[in-house]
Every structure is written in structure tokens, then in C-alpha cells.
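Chemist: Here's a structure for you.
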Amino acid sequence: MKIITRIEDLQNELAPLRNEGKQIGFVPTMGYLHEGHEKLLSEARRNNDVIVLSIFVNPLQFGANEDLDKYPRDMDRDEQVAKNHDVDFIFFPTVQEMYPEEPSVTVKVMKRTNVLCGTSRPGHFDGVATVLTKLFNIVHPDRAYFGLKDAQQVAVVEGLVSDLNIPVEIVRVEIVREEDGLAKSSRNVYLLEEERQEAKELNASLQLAKTSIQDGERNPEIIRKLMTEYLTKATNGKIDYIEIYSYPSLEPIKELQGQCIIALAVAFKSARLIDNIIFTI
Ligand code: AMP
């Protein structure tokens with residue numbers, strides 16, 4: 001496994017492999033790897049010859065009052081996790097390497113961003129789309145792996161590669177959860193003990209919705225109300241949103257039909273958590 005910090009060095013390593021016809025699988029992350037990231041790596045390993053893992057905490061996707069400076073990092077551990085998954089290259093650039101000067105071009109996402117996390121994180125998805133466009137152009141992967149934990153990100157990325165004709169297959173990977181149902185996240189380390197206990201209620205509220213849908217409920221408003229009541233009682237966190245849309249277009253629906261998403265964000269004092277379920281009716 002090689003750890004590469006310079007764009008040109010990575011391109012020089014990958015070009016001959018690509019010419020030999022090797023399939024390249026790409027897993028972009030911000031590091032502090034956990035089992036969610038590991039699932040992406042295993043999927044990538046199964047279906048590609050060469051695996052590139054990027055670790056880059058992208059300043060462009062953080063708002064002014066967000067956790068850019070305190071985002072958890074542990075490169076030694078990440079290296080070990082990557083080795084265990086037989087990663088070929090870790091791309092670990094500095095901010096200076098990725099953005100040597102004020103960008104002259106960025107990507108602006110026009111759809112799928114005025115809902116869910118897009119509302120409370122203005123500019124976030126533009127930052128994600130911009131860095132991914134750069135990374136796709138640097139790595140030229142055959143496939144790139146994204147977790148449905150960040151379902152809105154998956155929807156935005158699918159729109160990005162489709163609209164800009166970026167020749168990469170986007171592979172959706174299911175959410176990996178803790179035993180009590182909490183979706184794994186690098187930010188879970190911020191949670192105080194009491195908040196960690198309550199954090200499982202996010203998934204519990206989604207399961208409640210699922211049961212209600214299985215029992216025949218099709219009205220998004222009734223499901224939202226059910227979840228809001230449940231979460232208000234079960235946690236001290238502030239509900240940022242509970243929303244229901246078609247997926248991946250993220251358009252409002254009057255009745256559950258086709259592929260849909262129920263997504264929520266709850267802000268605890270120490271961290272804001274997101275979760276979702278996607279299902280087809
Ligand atoms: P991050 O390092 O948080 O930017 O995440 C990198 C990738 O890992 C993204 O595609 C995430 O959706 C994915 N990911 C993070 N947590 C999970 C999880 N619990 N299950 C599946 N994928 C995840």
C-alpha cells in the first residue's frame with residue numbers, strides 16, 4: 001500500500017495500471033475510518049483490481065460555524081484499517097495541494113439541495129460536488145462507492161456524474177449501524193454518554209415509520225407526525241427536520257409511491273446526527 005500526497009504522483013501511479021486494463025475502485029472519505037467506511041472498502045475490493053481510498057477533510061464543504069477544525073483525525077489508525085482492506089493507494093493530499101489558490105471555478109448544484117441538509121448547510125453540496133469533480137478527474141475511477149448514510153449526497157453525486165457526463169459508475173452502499181441501530185459516523189465520538197443513549201432513537205423512529213407503512217399508511221404527513229411525536233418524547237435533541245421525498249430526485253410527494261426516502265436530522269448539544277431509510281412501494 002502506498003500513501004500519496006501529491007496529485008501528480010497518484011496520476012503517474014494510476015496511468016500504467018489503467019493502460020493495462022485494470023479496473024479502479026475509488027472510496028472518497030474524510031478519514032477517521034469506521035465500519036461504514038470499511039463496508040465501502042470491502043465492496044470496492046470485491047469488484048475492482050485497484051483500490052484508491054482518499055482521505056481529505058474538504059474545507060469547501062464546511063460552513064463557517066461547523067466543525068472543520070475539530071473534525072476527528074487519526075491517520076495511523078486509518079492506515080491500518082486501509083491495509084486490512086488491501087487498499088492499494090491512500091490519497092492524502094493537503095489543502096494546499098487540492099486548492100493551491102482561490103478556485104477560479106467551482107461546481108454549483110442546482111437541484112436536490114434545497115431540502116434536507118441542503119437547507120441548514122448552504123453551500124455544502126457545492127463544496128462536495130467541487131471536490132468530487134476534482135477527485136474523479138484525478139483518479140479516473142471505473143467505480144466510486146458512496147454510503148446511503150449520506151443519502152442526499154448520493155442523490156447529488158448521481159446528478160453530478162449524469163449531468164456532467166463523468167464516466168464513473170456510482171455504487172450505493174447500505175448504511176452500517178451500531179448494534180442498537182445508530183448509524184455509524186465519525187462524528188459519533190462527539191456524543192456525551194446520555195446523548196449516545198438517546199441517539200438510537202433516530203433509527204427507532206424510522207423503524208416506527210416503516211411498520212406504519214407496512215401496515216398500509218401512505219400519507220407522508222401522518223408518518224412525519226408519528227415520528228415527531230416519538231422523537232420529541234424519546235430524546236432531548238432538537239429535531240432539525242423529518243422529511244419525506246421521492247428518491248433520488250428529492251421531490252415532495254403527497255402519497256408514498258415508487259422509491260421514497262424518509263430522512264431526519266436531530267441536533268444534540270454535542271453533535272448533529274442524520275439518518276434515513278429508503279424503500280420502494
Ligand atoms: P465521510 O468520511 O463521513 O465523508 O464518509 C465517507 C463515505 O463513507 C461516504 O460515502 C459516507 O456516506 C460513507 N459512510 C459514512 N458512514 C457510513 C455508514 N454508517 N454506513 C455506510 N456508509 C457510510
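The values are calculated or read from the model by the stated rules, or taken from the named source; none is laboratory data. Nothing here was measured: the structure is a model prediction, and the numbers come from that model. Positions of Cβ are generated from backbone atoms using ideal geometry, with glycine treated the same way; all protein chains shown enter the neighbour counts. Heavy atoms of the whole protein, side chains included, go into the accessibility calculation; ligands, DNA and RNA do not. Shrake-Rupley method; radii C 1.70, N 1.55, O 1.52, S 1.80 Å.
Chemist: Any residue at all in the range 128-145 that's among the acidic types (D, E) and either part of a helix (DSSP H, G or I) or within 25 Å of L264 (Cβ to Cβ) (or both)?
Modeler: For the range 128-145, residues among the acidic types (D, E) and either part of a helix (DSSP H, G or I) or within 25 Å of L264 (Cβ to Cβ) (or both): absent.
Chemist: Would the range 77-84 turn up any residue that is in the same structural domain as Q153 (by TED's automatic domain parsing), within 19 Å of V139 (Cα to Cα), in contact with an Asp or Glu (Cβ under 8 Å, 6 or more places away or on another chain) and surrounded by 20 or more Cβ atoms within 10 Å (Cβ to Cβ)?
Modeler: No, that holds for no residue.
Chemist: Answer yes if at least one residue in the range 102-110 is crowded, with 17+ Cβ neighbours inside 10 Å and away from the ligand (no atom under 13 Å from the Cβ), and no otherwise.
Modeler: Yes, the range 102-110 has at least one match.
This table checks each residue for (1) in contact with a Gly (Cβ under 7 Å, 6 or more places away or on another chain); (2) outside the structural domain of D74 (by TED's automatic domain parsing); (3) not aliphatic (A, V, I, L, M).
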| site | (1), (2), (3) |
| --- | --- |
| L191 | no, yes, no |
| E198 | yes, yes, yes |
| D215 | no, yes, yes |
| L231 | no, yes, no |
| I242 | no, yes, no |
| S246 | yes, yes, yes |
| A263 | no, yes, no |
| K269 | no, yes, yes |
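Chemist: Right, here's the next one. Pick out the one residue from E251, E201, E195 that is acidic (D, E) and open to solvent by 40 Å² or more (accessible area, probe 1.4 Å).
Modeler: Only one candidate passes the filter, namely E251.
Chemist: A further question on this structure: Which condition number does F146 fail, the rest of (1) away from the ligand (no atom under 12 Å from the Cβ); (2) open to solvent by less than 20 Å² (accessible area, probe 1.4 Å) being met?
Modeler: (1)
Chemist: I've got another one for you. Which of the residues that make up the range 154-181 are aliphatic (A, V, I, L, M) and more than 11 Å from the ligand (Cβ to nearest atom)?
Modeler: A155, V156, L160, V161, L164, I166, V168
Chemist: Of all residues in the range 29-55, how many are within 14 Å of the ligand (Cβ to nearest atom), in a loop (DSSP other than H, G, I, E, B) and out of contact with any Pro (no Cβ under 6 Å at 6 or more places or on another chain)?
Modeler: Counting residues in the range 29-55 that are within 14 Å of the ligand (Cβ to nearest atom), in a loop (DSSP other than H, G, I, E, B) and out of contact with any Pro (no Cβ under 6 Å at 6 or more places or on another chain) gives 4.
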